[in-house]
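This report refers to the structure that appears directly beneath it.
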Amino acid sequence: MHIHIHEFADSPFLKLTAAEFHEAAALAGAIGQGHSLTMGATLDDFAAAAPTMEVLIATPGAVRRLDLTRAPRLRIIQSTAAGVDALVPFDMIPAGVKLLNNRGVHADRAGEFAIMAMLMLAAHMPRFATDQRAHRWHRRPSGVVAGRRATIVGVGGLGGGAARRARQFRIHVTGIRNGDAPHPDCDETRTIGDLDAVLPGTDFLLLACPLTPATRHLLDARRIGLLPRHAGVINIGRGGLVDQPALVAALNAEAIAGAVLDVFAEEPIPPGDPVWEARNLVITPHISSDDPDHYNAATLAMFFANLTALAEGREPGTVVDFEKGY
């Protein structure tokens with residue numbers, strides 16, 4: 001197969017290399033052999049590769065910038081990200097082309113980031129950061145996290161990894177998902193329709209679900225108001241899951257205790273955005289699931305596993321459902 005990896009030079013994310021591809025292909029066995037590989041970083045590079053391209057590996061942002069109608073033999077797009085909301089409503093993807101994401105490769109790193117954020121919130125670290133900027137010495141004692149309650153919205157790769165880490169610290173985990181099927185790393189699971197009832201008993205609210213029309217502004221001013229004042233918010237999903245001005249207002253009014261946000265309504269955050277000055281907030285620049293040592297290798301291993309499934313007549317495990325948006 002002709003496999004093309006496209007990474008625009010201005011992409012802020014980890015870039016795949018030819019060496020990483022060939023190493024993963026060797027580890028994949030027979031399914032990794034016999035392919036031709038091209039790499040591209042410009043529109044001209046894509047145009048040169050497009051006539052014979054059968055597989056495109058790229059970020060959703062890169063896919064959005066490419067004219068896929070120039071690749072008549074294209075059959076598979078392997079996203080190097082789990083979230084594909086940048087491609088909604090998927091109208092630029094030609095009929096018959098399968099879109100695959102890499103959900104699951106983020107679990108370990110996202111889980112560690114999430115438990116770090118919970119520990120920071122429990123220890124008042126966002127408040128101490130605000131005190132530091134104000135040159136204010138204010139002692140704030142804190143206890144252990146065992147017995148506290150985390151509500152995790154979305155228990156796929158990101159949220160499932162977070163749930164696993166949280167339970168290691170004896171935090172009670174309620175997973176919020178589309179159905180109420182049990183999850184091995186949650187103490188209980190509830191449907192999204194139960195979220196309002198769960199929020200008042202939440203110490204840590206973690207957002208880790210895909211961004212779809214149904215989840216946009218899932219955490220709005222009304223739902224922020226359902227959280228207790230001591231609660232903290234963590235977002236490692238997408239910025240659009242949160243009504244950002246409403247959250248900033250709640251932080252500044254100390255209606256909630258703090259937040260750790262890794263994703264935002266606009267990225268990079270514009271210089272004058274009020275979120276920069278929000279009280280009791282720790283900002284990280286969309287890095288919660290990045291793992292330079294393992295991310296690309298895991299993504300490529302998943303890609304070859306998907307190729308194996310297709311070769312055996314099975315549906316790949318990470319095919320995107322265009323109706324659901326993930």
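Here the sum of -39500 (n - 2.57) over DSSP H runs of 4 or more residues, divided by the residues of the chain, equals -8500 deg cm²/dmol at 222 nm, to the nearest 500.
Remark: the stretch 2-12, residue by residue, has Karplus-estimated 3J(HN,Hα) of 8, 10, 10, 9, 10, 9, 5, 4, 8, 5, x Hz, where x stands for each Gly or Pro and the curve is 6.51 cos²θ - 1.76 cosθ + 1.60 at θ = phi - 60°.
Relative contact order of the chain, taken over Cα pairs closer than 8 Å and 6 or more residues apart, is 17 percent. A protection proxy built from the mean count of other Cβ atoms within 10 Å ranks the segments 27-37, 117-127, most packed first, as 117-127, 27-37. When you restrict to C-alpha pairs under 8 Å that are six or more residues apart and normalise by the size of the stretch 178-269, the relative contact order lands at 26 percent. Surface composition of the chain: carbon and sulfur make up 56 percent of the accessible area, probe 1.4 Å.
Give me the percent of Cα-Cα pairs in the chain that sit more than 36 Å apart, rounded to a whole number. Value for the chain: 24 percent of Cα pairs lie more than 36 Å apart. Between H2 and S36, E54, V55, the built amide H atoms are under 5 Å apart, and every one of these is 5 or more places off in sequence or on another chain. Take the stretch 258-326 with all the other protein chains still there, run a 1.4 Å probe, and you get 50 Å² of accessible area per residue.
Over the stretch 36-80, the fraction of Cα-Cα pairs per 5 Å bin, rounded to whole percents and listed from the shortest bin up, is 5, 24, 39, 28, 4. Taking the alpha carbon gyration tensor of the stretch 31-161, multiplying each eigenvalue by 5 and rooting it gives semi-axes of 45, 17, 13 Å, largest first. Couplings 3J(HN,Hα) of the stretch 134-147, computed from phi: 8, 6, 10, 9, 9, 6, 10, x, 8, x, 7, 8, 4, x Hz, in residue order, whole Hz [Karplus 6.51 cos²θ - 1.76 cosθ + 1.60, θ = phi - 60°; x for Gly and Pro].
Take the chain, connect every pair of alpha-carbon atoms lying under 10 Å apart with a spring to form a Gaussian network, then pick out the residue of L100, L66, L227 with the largest mean-square fluctuation. Its mean-square fluctuation being the largest, the pick is L66. Relative to the 2.2 N^0.38 Å rule of thumb, the stretch 1-58 has a C-alpha radius of gyration ratio of 1.14. For the stretch 203-326, the alpha carbon convex hull comes to 129 Å³ per residue, rounded to a whole number.
Packing-wise, with mean Cβ within 10 Å as the measure, how do 147-156, 166-175 rank, highest first? Show your work: numbers first, answer last.
Working: 147-156: 22.0, 166-175: 19.3.
Going by the mean number of other Cβ atoms within 10 Å, highest first, we get 147-156, 166-175.
For the stretch 316-326, the Karplus equation 6.51 cos²θ - 1.76 cosθ + 1.60, evaluated at θ = phi - 60°, returns couplings of x, x, 10, 5, 8, 8, 5, 5, 7, x, 7 Hz by residue, with Gly and Pro reported as x.
The values are calculated or read from the model by the stated rules, or taken from the named source; none is laboratory data. None of these values were measured; they are calculated from a predicted model. For neighbour counting, all protein chains shown are included, and Cβ atoms are generated from backbone atoms with ideal geometry for every residue, glycine included. The accessibility values were calculated without ligands, DNA or RNA, using every heavy atom of the protein model including side chains. Shrake-Rupley method; radii C 1.70, N 1.55, O 1.52, S 1.80 Å.
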